[in-house]
1. With the requirement that a residue be outside any strand (DSSP E or B) and aromatic (Phe, Trp, Tyr), what does region 146-173 give you?
2. With the requirement that a residue be at negative phi and open to solvent by 20 Å² or more (accessible area, probe 1.4 Å), what does region 142-165 give you?
3. If a residue has to be over 21 Å from Phe161 (Cα atoms) and either among the acidic types (Asp, Glu) or buried (at least 19 other Cβ atoms within 10 Å of the Cβ) (or both) to count, how many in region 23-45 make the cut?
4. Of everything in region 329-365, what is open to solvent by 60 Å² or more (accessible area, probe 1.4 Å) and among the aromatic types (Phe, Trp, Tyr)? Give them in sequence order.
5. Quickly run through region 366-387 and pick out the residues that are surrounded by 13 or more Cβ atoms within 10 Å (Cβ to Cβ) and either acidic (Asp, Glu) or over 27 Å from Gly184 (Cβ atoms) (or both).
6. Can you pull out the residues in region 46-94 that are in a loop (DSSP other than H, G, I, E, B) and surrounded by fewer than 19 Cβ atoms within 10 Å (Cβ to Cβ)?
7. Residues that are crowded, with 16+ Cβ neighbours inside 10 Å and within 26 Å of the chain's Cα centre (by Cα): list the helices (runs of 4 or more DSSP H) wholly contained in region 221-325 that include at least 2 such residues.
Amino acid sequence: MKVQVCIIGGGPSGLMLSQLLHLKGIDTILLEKYSRDHVLSRIRAGVLEHGFAKLMREAQCGERMDREGEIHHGFEIAHDGRLDRVDLHKWSGGNSVMVYGQTELTRDLYEARDKLGGKVVHDAEDVALHDIKSDKPYVTYRHDGQNHRVDCDYVVGADGFHGVSRKSIPADVLREYEKVYPFGWLGVLSRTKPVSPELIYVKHERGFALCSLRSQVLSRYYIQVPLTDKPEDWSDDAFWAELKRRLPAAVAGRLITGPSIEKSIAPLRSFVAEPMSYGRLFLAGDAAHIVPPTGARGLNSAASDIYYLYHAMLDRYQKGDESGLQDYSAKALARIWKAQRFSWWMTMLLHRFPDRIEYEDKLQQTEMSYLFSSEAAQRSLAENYVGLPF
């Protein structure tokens, strides 16, 4: 098979790029290691920056998002026995975020690919990249016991942290930066009314907590736990009891609890790989970078990669201009490192670090106090949270 762009990875990044390019007449194939049901079972992010929402609409996938998603103009931070609100709309110049689950977003993208007859191969095994430094790269894989080959102009690796794409860049070329945090987030999804119409981030002496939502009947809650904990260590009753301990009394008093329909622990990690391109290979999303979920940058950072790649591919195929592809890594990384900084800052601000000394606790308290005493500090938080310009 011969296509213009072979995309590896059937998550939101790969699906969105495939959809956008298809709409412009650029032929793609998407290879996904797992089944469609498996991909749609992943419970991930649910806060979309305004630029991501615009990209969904450009991909002709935004109708249900606009109908069912919730626009949030702010969020609250609980700390030191009080609640303070960050007014995103005010401090970002009128922007906001969209609360819409990644599972639903991925489903919308799949349906859009189906509608256009997009080439999507699930259960693609033993995917391997070949000759990516040449002008005739190709990808091989196995499906239903048969070997297949895809010849293409370019390969896009959107196959996540454990995928094959980044590993295809020689070790003496690739440089990786990583920070692993000494805790994780225990997350529970429940069919209950959210405790608040907006997100509540909680800084507490027992550890961080977050009250989030997917809809008005589907809530998502998190608490900070040691990396040694496992989901089965936490009964539903134990989770709700600990969450209530960390919430302000007024919030805890109106919390509606119920059986968990999903429970998992996510370790927190910051990671960046440079460069994000090598020959005819371009990395996107978790294949190149990961952030802690504190600042809601993970999925949104992937979207900025897709924005840059999409426009670079358009310039290549419509104008014969390859400068966008040549500059892709530098341009994407410039924004990624800003997202890394913001996620790191939010994580340091809100979490309880087990080995932190008293001096650092005082600095954390002072940082929080400064945030809500300074318009400039709130403006900086807001502009990063709603999304920096692409």
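The values are calculated or read from the model by the stated rules, or taken from the named source; none is laboratory data. Here the structure is a predicted model, which means the values were calculated and not measured. Cβ sites come from the backbone with ideal geometry, for glycine too, and all protein chains shown count toward neighbours. The protein model used for the area step is the full one, side chains on, heavy atoms only, and it has no ligands, DNA or RNA in it. Shrake-Rupley method; radii C 1.70, N 1.55, O 1.52, S 1.80 Å.
1. From region 146-173, those outside any strand (DSSP E or B) are 152-153, 158-173; that's our starting set.
The answer is Phe161, and nothing else.
2. Initial filter on region 142-165 (at negative phi): 142-143, 146-159, 161-165.
Across region 142-165, the qualifying residues are Arg142, His143, Gln146, Asn147, His148, Arg149, Asp151, Asp153, Asp159, Phe161, His162, Val164.
3. 3
4. The first filter runs over region 329-365 and keeps only residues open to solvent by 60 Å² or more (accessible area, probe 1.4 Å), leaving 330-331, 337-338, 341, 344, 352, 354-355, 357-360, 362-363, 365.
Scanning region 329-365 gives Trp337, Trp344, Tyr359.
5. Keep residues of region 366-387 that are surrounded by 13 or more Cβ atoms within 10 Å (Cβ to Cβ), which gives 367-368, 371-372, 377-387.
Residues satisfying the conditions are Glu367, Phe372, Ala377, Gln378, Arg379, Ser380, Ala382, Glu383.
6. Of region 46-94, the ones in a loop (DSSP other than H, G, I, E, B) are 46, 59-62, 69, 73, 80-81, 92-94.
Within region 46-94, Gln60, His73, Asp80, Gly81, Gly93, Gly94 meet the criteria.
7. On the way: elements: 236-246, 249-253, 298-314.
In region 221-325, 236-246, 298-314 are the helices (runs of 4 or more DSSP H) which contain 2 or more residues that are crowded, with 16+ Cβ neighbours inside 10 Å and within 26 Å of the chain's Cα centre (by Cα).
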